[in-house]
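Each remark here refers to the structure printed beneath this line.
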Amino acid sequence: MSFTKRQDLMSNTDQRTTHFGFQTVAEDDKAGMVHGVFSRVANRYDVMNDVMSVGVHRLWKDAMMDWLAPRSGQKLLDVAGGTGDIAFRFLKRAPGASATVLDMTESMLIEGRKRAEAEDLAGRLGWVVGDAMALPFADNSYDVYTISFGIRNVTRIPDALSEAYRVLKPGGRLMVLEFSQLPNPAMQWAYDRYSFNVIPVMGQIVAGDRDSYQYLVESIRKFPDQEAFAEMIRQAGFDQVRYRNLTMGVAALHSGWKL
């Protein structure tokens with residue numbers, strides 16, 4: 001076998017893969033594919049959230065704030081923050097706080113800046129294009145790190161959790177809101193039927209993009225269940241890791257502390 005062929009074989013063997021929905025793809029390709037999904041749906045993203053969840057996502061985000069209990073003076077980093085839903089809620093509950101919204105998709109951030117809240121909160125709110133696995137911030141910079149419906153799209157979740165731990169100050173808190181698994185098999189079956197048969201069709205009707213919403217549904221099924229994800233958070237170094245199911249486990253909140 002020639003040296004070139006041996007190199008090609010080694011390269012193919014060493015290339016790490018991950019999932020993009022139900023597809024197996026090269027790790028190096030996933031970020032660009034996810035970027036494409038959210039670039040395509042950015043201008044209809046908030047509308048689709050309301051349609052898909054019948055508005056329930058707003059209650060989940062409020063529950064997140066209730067557990068988080070924002071305080072004046074805190075610095076929030078909201079990763080995969082998109083159009084700013086979490087940051088806006090946080091700042092309204094803590095008038096003396098500040099927030100940075102980071103997202104890999106600039107078009108999502110642009111949509112966020114267009115919202116009325118963005119103008120009202122401009123002095124306390126920043127927008128940054130960046131990668132959850134390589135945050136462009138110094139160690140021990142933030143009091144709170146949040147990521148809402150974004151962690152499942154990250155290529156290497158442990159890397160993102162390690163970065164969250166790094167940028168949080170000692171005593172800082174991580175909180176993750178993500179779709180999860182229902183503990184009742186019959187209910188999970190019914191929810192799966194809704195997800196796979198209805199949500200992609202809604203995506204086509206409302207956003208003109210069936211494929212992106214097919215991916216989003218598939219990505220939910222590939223995400224670890226509540227206990228498995230809690231263990232991943234512990235492995236990243238966080239203490240006092242807890243979770244709460246929302247709407248019987250359709251979504252879940254995970255909390256951890258850097259102590």
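Observations on the structure shown:
- First in region 22-37 and among the acidic types (Asp, Glu), second anywhere and surrounded by 12 or more Cβ atoms within 10 Å (Cβ to Cβ), Cβ under 7 Å, 6 or more apart: Glu27/Thr17; Glu27/Thr18; Glu27/Thr155
- Some residue of region 33-43 being more than 27 Å from Val201 (Cβ to Cβ) and touching a Leu at 6+ places or on another chain (Cβ under 8 Å): no
- Reported count of residues in region 138-150, each being at pLDDT 95 or above, surrounded by 16 or more Cβ atoms within 10 Å (Cβ to Cβ) and not hydroxyl-bearing (Ser, Thr, Tyr), is 3.
- The set of residues from region 74-101 being part of a strand (DSSP E or B) and touching a helix residue (DSSP H, G or I) at 6+ places or on another chain (Cβ under 6 Å) comprises Leu76, Asp78, Ser98, Ala99, Val101.
- Residues that are among the polar types (S, T, N, Q) and either closer than 18 Å to His57 by Cα or loosely packed, with under 13 Cβ neighbours inside 10 Å (or both) within region 189-212 comprise Ser195, Asn197, listed in sequence order.
- Criterion (of a type in the set (S, T, N, Q) and not in a strand (DSSP E or B)) met by exactly one of Ser255, Ser195: Ser195
- Within region 84-111, residues that are over 22 Å from Leu168 (Cβ atoms) sit with their Cβ atoms under 7 Å from residues that are modelled with pLDDT under 95 and of a type in the set (S, T, N, Q), at 6+ positions apart or across chains, in these pairs: Thr105/Ser39; Ser107/Ser39; Met108/Thr83; Glu111/Asn43; Glu111/Thr83.
- Of the set (1) of a type in the set (A, V, I, L, M, F, W, C); (2) in contact with a helix residue (DSSP H, G or I) (Cβ under 7 Å, 6 or more places away or on another chain); (3) at pLDDT 75 or above, all apply to Leu59 but (2).
- Within region 138-151, tally of residues that are more than 19 Å from Ala31 (Cβ to Cβ) and aromatic (Phe, Trp, Tyr): 2
- If you filter region 223-259 down to residues that are in contact (Cβ under 8 Å) with a residue 60 or more places away in the chain and small (Gly, Ala, Ser), you find that the one that is surrounded by the most Cβ atoms within 10 Å (Cβ to Cβ) is Gly256.
- Members of region 136-168 found to be small (Gly, Ala, Ser) and not in a helix (DSSP H, G or I), listed by number: Ala138, Ser141, Ser148, Gly150
- Residue within region 165-180 that is surrounded by 19 or more Cβ atoms within 10 Å (Cβ to Cβ), farther than 24 Å from Asp29 by Cα, out of contact with any Lys or Arg (no Cβ under 9 Å at 6 or more places or on another chain) and among the hydroxyl-bearing types (Ser, Thr, Tyr) present: yes
- Screening region 46-103 for residues that are small (Gly, Ala, Ser) and under 23 Å from Gln214 (Cα atoms) and picking the one that is farthest from the chain's Cα centre (by Cα) gives Gly55.
The values are calculated or read from the model by the stated rules, or taken from the named source; none is laboratory data. Note that the structure is predicted; figures quoted are calculated from it, not measured. Positions of Cβ are generated from backbone atoms using ideal geometry, with glycine treated the same way; all protein chains shown enter the neighbour counts.
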